[in-house]
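First the structure, in the form of structure tokens, and then the observations on it.
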Amino acid sequence: MRVQIVIADAADLIRLGMVSVLEKQTHYHVEASVNTLTDLLTVIKSKPQIVIVDERLDPATDILQILEHI
């Protein structure tokens, strides 16, 4: 069984780099890669096993507020 992962980072280069590295591993599956808080809150409804979030994803929102939704 592959581990389901969601990546949320506003920086395209970082986010796409993480996707590239993780997708090369046979035991990981990047379910979604998003660059906004709104998109993150939508995709986490699928209940991924791991969520990687850039703490600066939404400068107007404290990271602890984001984590409360996860």
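The values are calculated or read from the model by the stated rules, or taken from the named source; none is laboratory data. Owing to the predicted nature of the structure, the values given are computational and were not obtained by experimental measurement. Every residue, glycine as well, gets a Cβ built from its backbone with ideal geometry; the counts of neighbours run over all protein chains shown. The protein model used for the area step is the full one, side chains on, heavy atoms only, and it has no ligands, DNA or RNA in it. Shrake-Rupley method; radii C 1.70, N 1.55, O 1.52, S 1.80 Å.
Per residue, how many Å² of accessible area does the chain show with a 1.4 Å probe?
Solvent-accessible surface per residue comes out at 66 Å².
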Notebook entry, point to check: Which of the peptides 17-24, 1-8 is most tightly packed, and how do the rest follow, going by the mean number of other Cβ atoms within 10 Å of each residue?
Noted result: 1-8, 17-24
Next item on the list: List every residue whose amide H lies under 5 Å from the amide H of residue 57, counting only residues 5 or more places away in sequence or on a different chain, with H placed 1.01 Å from N in the peptide plane.
Entry: none
Next item on the list: Calculate one ³J(HN,Hα) per residue across the stretch 57-70 by plugging θ = phi - 60° into the Karplus curve 6.51 cos²θ - 1.76 cosθ + 1.60, and present them in order as whole Hz with x for glycine and proline.
Entry: 4, 9, x, 7, 10, 5, 4, 5, 5, 5, 5, 4, 7, 8
Next item on the list: Return the carbon/sulfur percentage of the accessible area of the chain, one whole number, probe 1.4 Å, all protein chains in place.
Entry: 57
Note to self: Springs between alpha-carbon pairs under 10 angstrom, Gaussian network model over the chain: which of 11, 32, 60 fluctuates most?
What the structure shows: 60
Margin query: Run the numbers for residue 62 and residue 42: contour at 0.36 nm per residue of separation, minus the present Cα-Cα distance, in nm.
Written below: 5.4 nm
Item checked: Computed E for residue 29/residue 55 - FRET, C-beta separation, R0 35 angstrom, nearest 0.05 -> 0.90
Notebook entry, point to check: How large is the dipole of the chain about the Cα centre if only Lys and Arg carry +1 and Asp and Glu carry -1, each at its Cβ, rounded to the nearest 20 debye?
Noted result: 340
Notebook entry, point to check: If you take the square roots of the eigenvalues of the alpha-carbon gyration tensor of the chain and sort them as a ≥ b ≥ c, do you get rounded (a/c under 1.5), prolate (a/b over b/c) or oblate?
Noted result: oblate
Next item on the list: Please calculate the 1.4 Å probe accessible area of residue 42, with all protein chains present, and give it to the nearest 10 Å².
Entry: 80
